[in-house]
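Each value in this text was obtained by applying a stated rule to the coordinates, not by laboratory testing. The structure presented is a predicted model; accordingly, all values stated were derived computationally and were not measured. For neighbour counting, all protein chains shown are included, and Cβ atoms are generated from backbone atoms with ideal geometry for every residue, glycine included.
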Amino acid sequence: MENTTPAVALRGITKTFGTVVANDHVDLDIRKGEILALLGENGSGKTTLMNMLSGIYYPDDGQIFINGEEVSIQSPKDAFRYGIGMIHQHFKLVDVFTATENIILGLEEKGRLDRAAASKKIREICDTYGFSIDPNRKIYQMSVSQKQTVEIVKALYRGADILILDEPTAVLTPQETEKLFAVLRNMRADGKAIIIITHKLHEVQELSDRVAVLRKGAYIGEMMTKDTNPQEMTNMMVGRQVTLNIRRPDPVDPKPRIEIKGLTVTSPDGVLKLDHVYFDIRAGEILGIAGISGSGQKELLEAIAGLQRVESGQILYLHDDGRKEELVGRDPLEIQKLGVALSFVPEDRLGMGLVGNMDLSDNMMLRSFRDGRSVFTDRKHPHDLAEKVVEELEVNTPGVSTPVRRLSGGNVQKVLVGREIASAPRVLLTAYAVRGLDINSSYTIYDLLNRQKEAGVAVVYVGEDLDVLLELADRIVVLCGGRVSGIVDGRTADKNEVGMMMTELGGSERIRAKEKES
């Protein structure tokens with residue numbers, strides 16, 4: 001008779017942070033030999049629930065059963081003892097150590113540490129599940145997917161039978177994602193219980209066996225993946241009907257607004273970040289920037305915005321009357337004085353975009369205070385603008401006098417995007433504009449960007465989700481290692497082809513030669 005006892009049974013799990021109820025009496029079963037997708041909007045309590053299972057948080061109320069026995073998990077060490085391992089979005093590895101050293105770091109073993117034996121065991125794990133990793137390679141020499149592999153192998157090395165992966169494909173190429181899925185399927189076949197937290201519903205359909213949905217901290221329900229679809233899953237997460245189509249209107253009178261020629265940027269410590277980059281940004285168009293993490297996206301946008309020192313090359317702004325302005329060597333204020341209306345939504349929301357201790361109105365004023373001629377700061381206009389942004393973007397806040405640091409990440413992003421769009425830019429640069437946003441808010445931002453495009457604004461969208469880029473962008477510039485490896489049409493581009501461009505530089509010389517000729 002088949003054993004139907006779940007690997008994990010959560011009963012009545014409750015967790016609060018002050019007045020916020022993160023999890024509200026959640027019941028959930030996790031089964032052996034199954035991949036469970038845990039879904040929910042941002043703030044629904046998914047990660048909090050899994051953090052309690054992995055020993056990072058301790059529940060205020062409720063019970064946890066492992067293989068039918070009630071347990072108390074008060075630390076990650078306890079979680080490992082019960083065979084639970086969690087792979088977080090941000091890896092917890094020591095860059096200067098090898099894969100083997102990271103995997104065995106902190107383990108209590110009798111006698112002298114045997115690195116050779118550890119490396120042999122790591123290779124056996126890799127052979128069993130299909131991992132590809134060099135145990136003697138240092139972490140700083142690895143790609144993002146290789147680092148993730150080390151984290152998974154580390155959990156397996158320590159005896160994990162229950163694995164939790166939080167947004168495992170967020171920064172992987174399509175090819176790397178397929179390799180990860182093949183490994184996870186092998187682990188499922190070996191009887192492991194696997195939980196993935198993700199927002200990519202097409203991946204949920206491709207990989208998982210069962211789907212469980214949380215909403216506002218409460219367990220809503222579950223279904224077999226084969227019996228559902230992305231629309232039904234989204235409606236369950238949000239609690240109402242949501243449109244999942246990203247509209248893509250045709251470009252509006254596209255003409256070059258910024259020309260980038262031979263742009264080279266080096267970090268303060270001498271690392272080459274952008275290497276002779278050539279392309280143009282056109283008015284009335286959304287230009288997507290694709291690339292694995294650290295390919296130069298951040299430095300590219302900051303160079304255009306006047307926030308990054310440029311080694312060589314040109315960034316030319318083209319006015320409607322044909323005049324060209326060189327932006328290299330100018331800071332944001334100097335760029336503004338040239339009559340260049342440029343807005344920038346940075347990756348670091350509270351570090352570069354907003355001031356956490358200031359309220360919404362004062363953060364709006366950061367954009368507009370130079371416009372007034374009076375020595376006294378005009379507070380009425382920023383206050384009105386803050387209220388407009390809160391209303392139109394459905395920012396969840398007690399009021400515009402609330403300090404920004406008290407808002408959730410998604411609401412902070414809405415405030416920042418709303419402020420930058422309200423400044424009526426001719427060029428709008430956005431870095432990961434929907435990172436941390438729920439599905440409904442993400443589609444609100446996509447619509448805002450399209451409305452800017454229809455108004456003739458040149459929009460640049462740097463994103464992690466390749467599927468969104470292919471639906472939203474008119475053209476896509478693909479970066480790899482700081483170089484342009486291809487420029488493709490968003491309407492006709494193949495996802496796998498773009499994925500290959502993100503990891504190979506085959507088209508780089510052709511693109512550079514073509515740009516030089518023009």
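Could you work out how much longer the chain between Lys226 and Lys120 gets when fully extended? Use 0.36 nm per residue separation minus the Cα distance between them, nm to one decimal. Don't skip to the answer; put the middle values down first.
Values: separation 106, 0.36 × 106 = 38.16 nm, distance 3.91 nm.
Extra length available between Lys226 and Lys120 comes to 34.2 nm.
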Cα lying deepest toward the dipole's positive end in the chain, options Met237, Leu53, Val310, charges on Cβ: Val310
Full-stretch length increase - Asn136, Lys388 - with 0.36 nm per residue and alpha-carbon distance subtracted: 85.1 nm
Relative packing of 286-294, 251-259, which averages over residues the other C-beta atoms within 10 Å, highest first: 286-294, 251-259
Translational diffusion of segment 263-320, µm² s⁻¹ [Kirkwood Rh, Cα pairs; Stokes-Einstein; 4 °C; 1.567 mPa s]: 104
Principal-axis tilt of helix 115-129 within the chain, Cα atoms, nearest 10 degrees: 80
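Between Asn67 and Arg451, take the C-beta separation as r, use R0 = 56 Å, and let me know the FRET efficiency to the nearest 0.05. Please list the in-between numbers first.
Numbers: r = 53 Å, r/R0 = 0.95.
Rounded to the nearest 0.05, the efficiency is 0.55.
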Packing-based ranking, highest mean first, of 336-345, 129-138, 416-425 given that Cβ atoms within 10 Å are counted: 416-425, 336-345, 129-138
Degrees, to the nearest 10: 144-157 long Cα axis against longest axis of the chain: 20
Burial ordering of Thr243, Thr503, fewest other beta-carbon atoms within 10 Å first: Thr243, Thr503
Dipole moment magnitude, nearest 20 debye, the chain about Cα centre, only Lys, Arg, Asp, Glu C-beta charged: 780
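Taking the alpha carbon gyration tensor of segment 8-238, what are the square roots of 5 times its eigenvalues, largest first, to the nearest whole Å? Mind dumping the intermediate values first?
On the way: eigenvalues 175, 89, 48 Å².
Its equivalent ellipsoid spans semi-axes of 30, 21, 16 Å.
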The chain, relative contact order [Cα under 8 Å, separation at least 6], %: 15
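Return the tail of the calculated pair distribution for the chain, meaning the percent of Cα-Cα pairs more than 46 Å apart. Mind showing how you got there, number by number?
Numbers: 22203 of 133903 pairs.
Tail of the P(r) past 46 Å holds 17 percent of the pairs.
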Sites Lys255 and Ile56, calculated FRET efficiency, Cβ-Cβ separation with R0 56 Å, nearest 0.05: 0.60
